[in-house]
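Everything on this sheet refers to the single structure shown next.
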Amino acid sequence: MSETKESYSVWSSISFWRRSAAWVTGFSVVLLIFLTFDSLSQIKMGTDEDLKNGVTKRVPAATVINYKIDYQMSQKRGHEVPVIGKQQPFFGKIWSPEEAEALLHTGKLTVQAKNCMNCHTLLGNGAYYAPDLTKAWLDPAWQKGGVMQAITQTNSTEEAMVKFLMNPPKYATHLRKMPNLGITHDEAMATVAFLKHMSAIDTNGFPRNFSKTINDFRSGVTHAH
Ligand code: HEC
């Protein structure tokens, strides 16, 4: 080291910080562009053909309403994943892709018009005044032998949900009651289709638990999954 030349630490060099900032910004831009396209491909809706060929998509086609949906623990992923099973008529029929899409569309409009998110959460958006609806279709309470089919005197999840949605205070099972939102029969059917489709979306196991009903609190049972 010469005595005439002054030496500066690299940490106090302005050009070093300028160059670092440029590199970090450039790298982040490239990474974000990559992640945007990666997410878009992950959330792209599948097709009816995918369902028929057993091709798993994170967001299945509208016609997933024609199938049985299970929620099974995946040891590999460490949480439950929706598993699309056998064909199963929805409200007694198999819906064509056009019919299923139209139904889902009406369901989405109803969910928006009645502002379900004001109380519930759907796919991570909304409130936690009332149970999370993302996996409501899969809640054991609505299945065969569950409390909801029993109190609505119906034989299917979809019929039970329609009856509940058209008159929630009559079939209340939680400590907080859902008000009657004046939902018509057609709107209720479409809303149930919307809920069933949403439950088939692979959300990486979120949310984890189903809500507890008054009866569960009384009997000390939890929907352990
Ligand atoms: C003012 C608040 C409020 C609004 C708005 C609301 N709900 Fe609810 N909802 C509740 C409460 C509270 C419960 C729990 C009461 C019960 O199940 O008896 C509930 C329960 C439910 C359940 C049963 C949940 C389960 O896991 O068993 C479903 C399904 C449901 N609501 C759907 C909807 C839909 C669809 C909409 C919009 C069309 C909606 N709710 C709008 C308050 C609300």
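Every number here is computed from the coordinates shown, using simple stated rules; none is lab data. Keep in mind the model is a prediction, meaning the values are calculated, not measured. Here the Cβ is made from the backbone with ideal geometry for all residues, glycine too, and neighbour counts use every protein chain on show.
What the table below lists for this structure:
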{"read-out": "Residue-wise HN-Hα coupling along region 59-74, computed from phi with Karplus coefficients 6.51, -1.76, 1.60 (Hz; x: Gly, Pro)", "value": "10, x, 5, 4, 5, 4, 5, 7, 10, 6, 10, 10, 10, 10, 5, 9"}
{"read-out": "Under DSSP loop assignment and at most 14 Cβ neighbours within 10 Å, longest GluC sites (Glu not before Pro)-free interval of the chain", "value": "7-225"}
{"read-out": "GNM result for the chain, Cα springs below 10 Å: residue of 199, 74, 39 fluctuating most strongly", "value": "39"}
{"read-out": "Residue order, fewest to most beta carbons within 10 Å, for 139, 202", "value": "202, 139"}
{"read-out": "Global form of region 95-219, assessed from the alpha-carbon gyration tensor, a/c cut-off 1.5", "value": "rounded"}
{"read-out": "Rounded tilt (10° steps) of 14-43 against the dominant C-alpha axis of the chain", "value": "20 degrees"}
{"read-out": "Candidates 22, 100, 150, ranked by Gaussian network fluctuation over the chain, Cα under 10 Å, top entry", "value": "22"}
{"read-out": "Cβ-derived FRET efficiency at R0 35 Å, residue 93 paired with residue 73, nearest 0.05", "value": "0.65"}
{"read-out": "Crossing angle, helix 157-166 versus the chain [Cα axis fit, 0-90 degrees, rounded to tens]", "value": "90 degrees"}
{"read-out": "Cleavage-rule hits, trypsin sites (Lys or Arg not before Pro), region 74-176, DSSP coil, Cβ neighbours within 10 Å at most 13", "value": "76, 77, 144, 176"}
{"read-out": "Cα shape, region 41-172, gyration tensor, a/c 1.5 rule", "value": "rounded"}
{"read-out": "For residue 83, residues with placed amide H under 5 Å, excluding near neighbours", "value": "70, 71, 72"}
{"read-out": "Local electrostatic count at residue 171 - Lys and Arg +1, Asp and Glu -1, tallied over other residues with Cβ under 15 Å", "value": "+1"}
{"read-out": "Spacing of the two label points (7 Å from each Cα toward its C-beta) at residue 144 and residue 123, in nm", "value": "3.1 nm"}
{"read-out": "Label-point separation in nm, residue 105 to residue 53, each point 7 Å along Cα→Cβ", "value": "2.6 nm"}
{"read-out": "FRET E, pair residue 27, residue 206, Förster distance 45 Å, beta-carbon r, rounded to 0.05", "value": "0.95"}
{"read-out": "Zero-based 5 Å bins, Cα pair distances in the chain, whole percents", "value": "1, 6, 11, 16, 16, 14, 9, 5, 4, 3, 3, 3, 3, 2, 2, 1, 1, 1, 0, 0"}
{"read-out": "In Hz, Karplus ³J(HN,Hα) per residue of region 86-102 (6.51, -1.76, 1.60; θ = phi - 60°; x = Gly, Pro)", "value": "5, 5, 8, x, 10, 6, x, 8, 9, 8, 6, x, 5, 4, 5, 5, 5"}
{"read-out": "Residues with amide H under 5 Å from that of residue 67, placed H, sequence gap 5 or more", "value": "88"}
{"read-out": "Cα gyration tensor shape of region 50-123, rounded if a/c is under 1.5, else prolate or oblate by comparing a/b with b/c", "value": "oblate"}
{"read-out": "Linear extension gain, residue 39 paired with residue 86, 0.36 nm per residue minus alpha-carbon span", "value": "14.1 nm"}
{"read-out": "Most mobile of 13, 41, 28 in a GNM of the chain (Cα contacts under 10 Å)", "value": "13"}
{"read-out": "Where labels lie 7 Å past Cα in the beta-carbon direction, separation of residue 185 and residue 16 in nm", "value": "7.7 nm"}
{"read-out": "Those lysines that a straight Cα-Cα span of less than 19 Å connects to residue 52, excepting residues fewer than 8 apart in one chain", "value": "44, 68, 86, 93, 196"}
